[in-house]
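Enquirer: Quick one: structure below, then a few questions.
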There are 2 protein chains.
Amino acid sequence: VLKNNLETTVSSATRAVTISRNGPVVIVGERINPTGRKVLISALKEGNMDVVRSDAVAQVEAGASILDVNAGVPGADEPALMRQIIRAVREVTDLPLCIDSPNPQTLEAGLSIYEGKALINSVNGEEKSLTSILPLVKRYNAAVIGLAMDDDGIPQTAQKRLDAARKIIGRAESMGIPRHDVLIDPLVLTVGADCQAARMTLEATQLIAEEFGVNIAMGASNVSHGLPDRPTINAAFMALAIACGLSCPITNPLSIPVHEAILAANLLMGHDEWAVNWISYYRSKPKE
Amino acid sequence: VLKNNLETTVSSATRAVTISRNGPVVIVGERINPTGRKVLISALKEGNMDVVRSDAVAQVEAGASILDVNAGVPGADEPALMRQIIRAVREVTDLPLCIDSPNPQTLEAGLSIYEGKALINSVNGEEKSLTSILPLVKRYNAAVIGLAMDDDGIPQTAQKRLDAARKIIGRAESMGIPRHDVLIDPLVLTVGADCQAARMTLEATQLIAEEFGVNIAMGASNVSHGLPDRPTINAAFMALAIACGLSCPITNPLSIPVHEAILAANLLMGHDEWAVNWISYYRSKPKE
């Protein structure tokens, strides 16, 4: 339960969202990402944006406050596709977007047509990433998610992930990007392969949040890879991570256990006065 | 994610259980308690111990490591009933017991026939409680749960609950009861009445665990009183509290959401190597 906290505000042309540990968790909806989604890949290959639009609507209805958009279709013209996806999403919602690509050209294609202050997913502590991504963050006055890794890969200790975060934040600040516009993703690997993996990430989360006050983003579903009943593990991990400082999960809000864990954690962390959101969610939920 | 940690060992004649943040959460099964349970009350009034025995067996099967026993039947001879309940439980399991009463006579009746090192539930920071309960803890070489409250009632800030814990631990140590035999329950009230109630308890949990290294016990289901879908709130609270230092929840292991949250938290906190317990639970679970 941390006190030190910066606020990050991202926006579209018509709407602003503030990420902060002083308020409810902000969900970045992760569904508009072709990785492993055959239906989406084949629609995108045909230039059909129906799945993108319906994913956007469904995630907004399920409680996402920001939508991640990723154009990673093998063989596609990713910069052009990123623009198409952003335009399609804009037909159905004005939520701020998280423009997601490891490729600076794809990011820039999205940023160049984006109205408002985007979130960029992601930079990391590798020199190549820092020198290609941070100038875009600066030029487009965006916020950015920094992955806690460096040229040696994903560090094996919480302390070294803190060091990787320090490197990213320091480089951003030296370029005039304010610290509050950098979110850090401490990275989580599956506990199926290493039973200390999640604990180390939780320790890194706490260290980074306490040391720098930055918001913590996390794509957390990887934690349960290879294990049975993944939604229950992911839901518990969400609550553990929120207690340690997670403020911006990148997740599928259509997963009911994860979404309910987030709503309950908001309530329990003091960000749902009179349980208004909890009760209204419960009332709107289809009864079995 | 705390490093400072004492170990508490309780036992029966034939089995020892160690409570520690360096290992999996230890569940105290709370079911053998007549409060609000008409079926159990009427059985106990008739001297029928069948419900007690079946509650004991069910909780052992569901993963409890310690069983709470409470003889609070209105109008009953509680000391005699406590002895009967302990003997009945002993017919079906050798788990260590948590002898639960605000009444020193009832506690002593249980302790006088108990074989092993019992857990006592509870003392608190009120003078009357300290002077009547701690001598029993000392005399019977028991461990004890200390409720973080004092003569002014339940404190309204985490810092004051820390102070109440300090008072209990200090008094115990001055009587020769080692600190590792004192668990602290930071106490949680429902978030339905005060949306900061759970957050304050989580802060108190972390403060008390960090300051004293003691194990943290908690009867946590109260947190959701008056709200819809209580099991989901309780499950999320369990994960949040474990991240803050809870090592000994007093709960109903037959509540599937809460039990699964605890198993998942054990896995994610690094206390379930190769996910052996998680996978074995999943395999034994009846499929829908």
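Taken together, the values in this text are just the output of simple stated rules run on the coordinates, not laboratory data. Predicted, not measured: the structure shown is a model, and the values here were computed from it. Cβ atoms come from the backbone with ideal geometry, glycine included; neighbour counts cover every protein chain shown.
Enquirer: Quick one: among A:A56, A:A261, A:A148, which has the greatest mean-square fluctuation in a GNM of chain A with alpha-carbon springs under 10 angstrom?
Expert: A:A261
Enquirer: With charges only on Cβ, +1 for K and R and -1 for D and E, what is the dipole size of chain A about its Cα centre, in debye, rounded to 20?
Expert: The calculated dipole for chain A is roughly 260 debye.
Enquirer: Related question: When the dipole is taken about the Cα centre of region B:1-63, and only Lys, Arg (+1) and Asp, Glu (-1) are charged at their Cβ, what size is it in debye, to the nearest 20?
Expert: Computed charge dipole of region B:1-63: roughly 160 debye.
Enquirer: Continuing with this model, one more query. Do the alpha carbons of any pairs in A:K128/A:K167; A:K138/A:K167; B:K117/B:K138; B:K117/B:K160; A:K117/A:K138; B:K138/B:K167 sit beyond 19 Å of each other, and which pairs?
Expert: Violating the 19 Å limit, Cα to Cα: B:K117/B:K160.
Enquirer: Go ahead and collect, in residue order, the members of region A:205-242 whose backbone nitrogen is under 18 Å from a label point 7 Å along the Cα-Cβ direction of B:R283.
Expert: Taking a point 7 Å out along Cα→Cβ of B:R283, the residues of region A:205-242 whose backbone N falls under 18 Å are A:226-230.
Enquirer: Report, for B:D94, each distance to the same residue's label point in the other copies, shortest first and in nm; define the point 7 Å along Cα→Cβ.
Expert: 7.0
Enquirer: By average Cβ neighbour count within 10 Å, what is the ranking of B:40-47, A:137-144, A:194-201 from highest down?
Expert: A:194-201, A:137-144, B:40-47
Enquirer: What is the sum of charges, Lys and Arg at +1 and Asp and Glu at -1, for the other residues whose Cβ falls under 13 Å from the Cβ of B:N234?
Expert: Overall, the nearby charge balance is -3.
Enquirer: Another question, if that's okay. Over chain A, with a Gaussian network built from C-alpha contacts below 10 Å, which listed residue (A:I154, A:I99, A:I32) shows the highest mean-square fluctuation?
Expert: Highest fluctuation of the listed residues: A:I154.
Enquirer: Peptide B:272-280: average number of partner chain Cβ atoms within 10 Å per residue?
Expert: Taking the mean over all residues of the peptide, I get 4.
Enquirer: Under 10 Å, Cα contacts only: if you run a Gaussian network model on chain B, which one of B:G176, B:G116, B:G245 comes out with the highest mean-square fluctuation?
Expert: It is B:G176.
Enquirer: Which residue, chosen from A:A76, A:G47, A:L6, occupies the Cα position most advanced towards the positive end of the dipole of region A:1-86, where the dipole is computed from +1 (Lys, Arg) and -1 (Asp, Glu) charges on Cβ about the Cα centre?
Expert: A:L6
Enquirer: From the helices alone, meaning DSSP H stretches of at least four residues, give me the mean residue ellipticity at 222 nm for chain A, per-run term -39500 (n - 2.57), in deg cm²/dmol to the nearest 500.
Expert: -14000 deg cm²/dmol
Enquirer: Count, for each residue of A:226-234, the Cβ atoms from other chains sitting within 10 Å of its Cβ, then give me the mean as a whole number.
Expert: 5
Enquirer: Treat every Asp and Glu Cβ in region A:175-288 as -1 and every Lys and Arg Cβ as +1, leave all other atoms uncharged, and give the resulting dipole magnitude about the Cα centre to the nearest 20 debye.
Expert: 300
Enquirer: Report, ordered by chain and residue number, the lysines lying within cross-link reach of A:K287, taken as a straight Cα distance under 22 Å and ignoring same-chain residues fewer than 8 apart.
Expert: Result set, ordered by chain and number: B:K287.
Enquirer: Under 1.5 on a/c is rounded, so check that first for chain B, then, if it is not, pick prolate when a/b is larger than b/c and oblate when it is not; a ≥ b ≥ c are the square roots of the alpha carbon gyration tensor eigenvalues.
Expert: The shape class here is rounded.
Enquirer: Also: So for chain B, averaging the separation of alpha carbon pairs under 8 Å that are six or more residues apart and normalising by length, what relative contact order in percent results?
Expert: 19
Enquirer: Just to be sure I understand: of the beta bridges DSSP finds with both ends in chain A, what percent are antiparallel, rounded to 5?
Expert: 15
Enquirer: Say the dipole of region B:130-213 comes from +1 at the beta carbon of Lys and Arg and -1 at that of Asp and Glu; which of B:L189, B:Y140, B:A209 then lies farthest toward its positive end?
Expert: B:Y140
Enquirer: Follow-up question, since we're still on this one. Considering only C-alpha atoms, what is the centroid distance from region A:192-231 to region A:38-97, in Å?
Expert: 27
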